[in-house]
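Take a look at the structure set out below.
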Amino acid sequence: MKSKIYTKTLLAIMACYALWSCEEFLDVEAPNHKIVSETVFNNDETAISTMTGIYNELFRASYAGGGRETSIHVLAGLAADELKNLNPNNLNLLEFEENTIQPNNSRNLSIWSSTYNIIYMTNSILEGITISESLTKEVKSNLEGEAKFIRAFTYFYLVNLYGEVPLILTTDYNENSLASANSTDEIYDQITQDLTKAIDLLKVTYREDDRTHINKSAAEALLARVHLFLGNWVEAERLSSNVIAQTDTYELKDDLNQVFLANSKEAIWQISPIGGSGGILTYTNEGTTFIFHPVLASLTKVALTTEIVETFEEQDKRLLNWVGYHEDTDNYYPFKYKDRSSMGNITEYSMVLRLAEQYLIRAEARLMQNNLEGAISDLDKIRARAGLELISNTDPNIRKDELSMLIWEEKRKEFFTEWGHRWLNLKRTERALSVLSEKTSGWDSMDVLFPIPAEELMKNPNLNQNPGY
């Protein structure tokens, strides 16, 4: 009991201090938590519990949040062409939909603040295990790998949403309070270092056989994506191949309604609603955000755009299984998650990384190395699962540029409303202008970056606003 009290105390201090470090940018004195920290990292059980606390916090964190209104799922979906705002009076969402985000937008601030909260917590873990002389080597290695993965994961979204941002690697009050932004190259270097180290430290197996914990394959999967974004095709192919090769652990689920179940074999990393909600509510935020309320439809704030629905062929199983229709409002909605409001009956976890992405990462990496046959093979894995004709049968001699477009479109249909895939890929492939200028008359090329929150600029004079804001 005592160890749990210490762990909860440390997590509370970490959370409060993290909030100060972001929303007040450390303009107050740092709390003295040295004694509590030393106690928590004095044995394996309490140290592991502290890491579990960060996983739970990810369910509550605005930027992750399992798909709630403040999440990247929703906000990046609006910024791209996946989601539409159903309430014209909700200016926070309307600005994302129209790509006119103002620096004082509260939803934009919530992304920024919550990401740095999580980064502070991971830094606290890393510092705690570094000074600990009591943890076993195995636990110490795994905790370091998990913390570095989550830090890298969070910075991946920060750098892709905002560009140059402060690279905070300590919990030092004075150092962080006036941190300047680092270049995108520096941030990507740190992401790569963290993930490479995590791969070396982590086990192939999941702790407690639960995919809400990070393992080696999760780190390889994210690093494969990072190398794809950096144009390092050989590394992207190698790492995605490593994950795909783990056939005893991962597989594409033929039944699309099983993909997002808790501990699905397609899942590489998931977030559970149980710890984040205190164990009472057992539905994901994706479920309650996207599925229309059965009585008060006006409580549902977003729906799928006509454009995304019309990209699917009629026989596409993803259209049939992952897209719902609300007759009263004549709106389509994401239906990947089926549980909107259960209590005490966990069936689904929020999906973060899954195997299908690794096939499409490898397809693109192979294509860019002129291995069209290999790219077609990977693409056809996803098309076959969706019930579509195989490219190897219909167009085996397809041109490289045509195949590239097919891979991008397959990513659009496979990952709609999942972690901003569409938004990030439009930017990465330099198609944001051509695609989104048709959606928004006021589109500007500088809209590919979100604004640095005005509140942060006021607190830290060393931060500069992104161009165009």
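The values are calculated or read from the model by the stated rules, or taken from the named source; none is laboratory data. In this text the structure is predicted, and so the values were computed from the model without any measurement. Methodologically, a virtual Cβ is constructed for each residue, glycine included, from the backbone with ideal geometry; neighbour enumeration extends over all protein chains shown.
Brief remarks on what is shown
- In region 377-469, counting only helices (runs of 4 or more DSSP H) that sit wholly within it, the ones holding 2 or more residues that are over 23 Å from the mean Cα position of the chain (by Cα) span 391-394, 400-414, 432-436, 454-459.
- For region 98-107, the count of residues that are part of a loop (DSSP other than H, G, I, E, B), surrounded by fewer than 20 Cβ atoms within 10 Å (Cβ to Cβ) and among the hydrophobic types (A, V, I, L, M, F, W, C) is zero.
- Leading residue by the ranking (surrounded by the most Cβ atoms within 10 Å (Cβ to Cβ)) among those in region 351-376 that are at negative phi and assigned to a loop (DSSP other than H, G, I, E, B): ASN371
- Pick from region 300-319, criterion in contact (Cβ under 8 Å) with a residue 24 or more places away in the chain and hydrophobic (A, V, I, L, M, F, W, C), ranking: surrounded by the fewest Cβ atoms within 10 Å (Cβ to Cβ): PHE312
- Residues of region 62-101 that are aromatic (Phe, Trp, Tyr) and touching a Gly at 6+ places or on another chain (Cβ under 9 Å): PHE96 alone.
- Counted residues, region 277-290 - those being assigned to a helix (DSSP H, G or I) and touching an Asp or Glu at 6+ places or on another chain (Cβ under 7 Å): 2
- Considering ASN85, ASN89, ASN104, the condition of being under 30 Å from MET458 (Cα atoms) and modelled with pLDDT under 95 is satisfied by ASN89 alone.
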